[in-house]
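Here, each number is a calculation from the coordinates, and none is a lab measurement. Keep in mind that this is a model prediction, so the values were computed, not measured. Glycine gets a Cβ as well: all are built from the backbone with ideal geometry, and neighbour counts include every protein chain shown.
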Amino acid sequence: MNILEKITRFVECVFKTSLEIFLEALKLSPNAQGYVSGSITELLLKKKLEEEYGFEVKRIREKWEGKKHARHHGDYYFKKADSHYWYVIEAKGVKSNSEKWHKLYNFKNLKNFLITHDDKVPWINCGENIEQQVTEWICKSLPRFQNEYSSNLYEYEEVKKYKAKRETEKAGAIAALHGYNRDQINDMIEERLDYVMSRVKVLETHFVSGTSGAGERTQATPRKDEFNVIAIDIVLRYSEHKFLFASPQNLESSGDDPNHLQQNYIMGFVFTDDHGNPTLTVTDDWYENLNEVYEILGPEDAVNENDMQSDNRYVIVNDE
């Protein structure tokens, strides 16, 4: 069987439908696409652990028998072949709407964001005027902000609710948007986002883990002891699936509970030059090589093998 025949057989067997209906359903469901994308990330991480690093890997059971152990909230157990110590790794992606969330489609927001995170910007010389360097970079790399994109955009709901008390720059910008409907404003924002992201993309985590109170949590983000390694797939902001690794113990704690991670960390940026070549720059907390995180793990960080529950469930479809 070739790959198309295998896919067709799998869809017919598991979903009881044709490949055409399956594809249409997948296209119409962003949630389904997200699940598939997440599964691809997890599978690629497993293969990377096994084939590139030589780890033995076991998938952590999702439907836990009994109360789930607080230190087993990851995707995989992994260990070296010559070691008795099992550790837990969790796979995540980057925040999908980071640039929109931070309103980087407006000049001032983009400028201030880059200034705030100047330690993650490779072309900034911290010994010189940072604001001037950022302004010059935007003017050179994104020149439309000097003319057609010079006025601020605001989302439709804010335009409708805003009540101007006096003449301000914001009042004028919102007044200019009053004649546009929701779709038109969204299209303008998306156009600017595409433009900005042609030169700079934000790498930001999005750690949300169910409801507060689950598994000894006091808030809806992971505890720092729930897994030993976090692996972030940056494919949403990069040209390929690429993993960056960190120890949760080395990431800044939540302000509400020092035992918890924050929801969002700005990991770094992907800058694209005039020739379309990307440059990845991240903070010192993140590593491209997993071994640099693994080497700081000790026996005391390992999970108890007797507590482990592996998930061996999968659908078998005869290819013959």
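Quick notes on this one:
- Sequence-ordered 3J(HN,Hα) estimates for the stretch 19-36 from the Karplus curve with 6.51, -1.76 and 1.60 and θ = phi - 60° stand at 5, 5, 5, 4, 5, 5, 4, 5, 5, 7, 10, x, 5, 5, 4, x, 5, 5 Hz, glycine and proline given as x.
- Listed residues Lys140, Lys120, Lys224, most fluctuating in the chain (Gaussian network, C-alpha, under 10 Å): Lys140
- Expressed as a fraction of 2.2 N^0.38 Å, the value expected for a compact globular protein of N residues, the C-alpha radius of gyration of the stretch 1-73 is 1.46.
- Space enclosed by the convex hull of the alpha-carbon atoms of the stretch 99-198, per residue, Å³: 113
- Quarter the surface of the alpha carbon convex hull of the stretch 32-99 and you get the mean projected area, 6.3 square nanometres.
- Comparing Ser239, Ser253, Ser18 in a Gaussian network model of the chain (Cα springs below 10 Å), the most mobile by mean-square fluctuation is Ser18.
- Of the beta bridges in the chain, as assigned by DSSP with both residues counted there, near 85 percent are antiparallel.
- Residue list for the stretch 187-209, given a label point 7 angstrom along the Cα-to-Cβ vector of Asn147 and an amide N cut-off under 20 Å: 188-189, 191-199
- Karplus (6.51, -1.76, 1.60) ³J(HN,Hα), θ = phi - 60°, over the stretch 73-87, in Hz, Gly and Pro reported as x: 8, x, 9, 9, 8, 8, 7, 6, 4, 9, 10, 9, 9, 9, 10
- Listed values for the stretch 134-139 are Karplus-derived 3J(HN,Hα) couplings in whole Hz (6.51 cos²θ - 1.76 cosθ + 1.60, θ = phi - 60°), namely 5, 4, 5, 5, 5, 4, and x replaces Gly and Pro.
- Cα gyration tensor, the stretch 225-289 - rounded (a/c under 1.5), prolate or oblate: prolate
- All Cα pairs of the chain, percent lying beyond 28 Å: 54
- Percent of Cα-Cα distances greater than 24 Å, calculated over the stretch 1-131: 61
- Long-range tail of P(r) for the stretch 135-283 (Cα pairs > 18 Å, %): 69
- Taking Cα centre as origin and charging only the Cβ of basic (Lys, Arg, +1) and acidic (Asp, Glu, -1) residues, the dipole magnitude of the stretch 99-198 rounds to 440 debye.
- In the chain, helices alone account for a calculated mean residue ellipticity at 222 nm of -9000 deg cm²/dmol, with every DSSP H run of four or more residues adding -39,500 (n - 2.57).
- Loop sites in the stretch 14-75: trypsin sites (Lys or Arg not before Pro), DSSP, at most 11 other Cβ within 10 Å: Lys16, Lys63, Lys67
- Estimated inter-spin distance, Leu297 and Ile3, nm [label 7 Å along Cα→Cβ]: 3.1
- For Gly93, residues with placed amide H under 5 Å, excluding near neighbours: Asp233
- Counting only alpha carbon atoms, the long axis of helix 3-14 and the longest principal axis of the chain meet at about 80°.
- The mean sequence distance of close C-alpha pairs (under 8 Å, at least 6 residues apart), as a share of the length of the stretch 99-198, puts its relative contact order at 30 percent.
- Within the chain: Cβ-based charge dipole about Cα centre, in debye rounded to nearest 20 (Lys, Arg +1; Asp, Glu -1): 1140
- Over all other residues within a Cβ to Cβ distance under 13 Å of Tyr156, the charged ones net out to -3, with Lys and Arg as +1 and Asp and Glu as -1.
- Between helix 182-197 and the chain: long-axis angle, C-alpha atoms, 0 to 90°, nearest 10: 80
- Separation of alpha-carbon centers, the stretch 255-287 and the stretch 121-193, rounded to whole Å: 23
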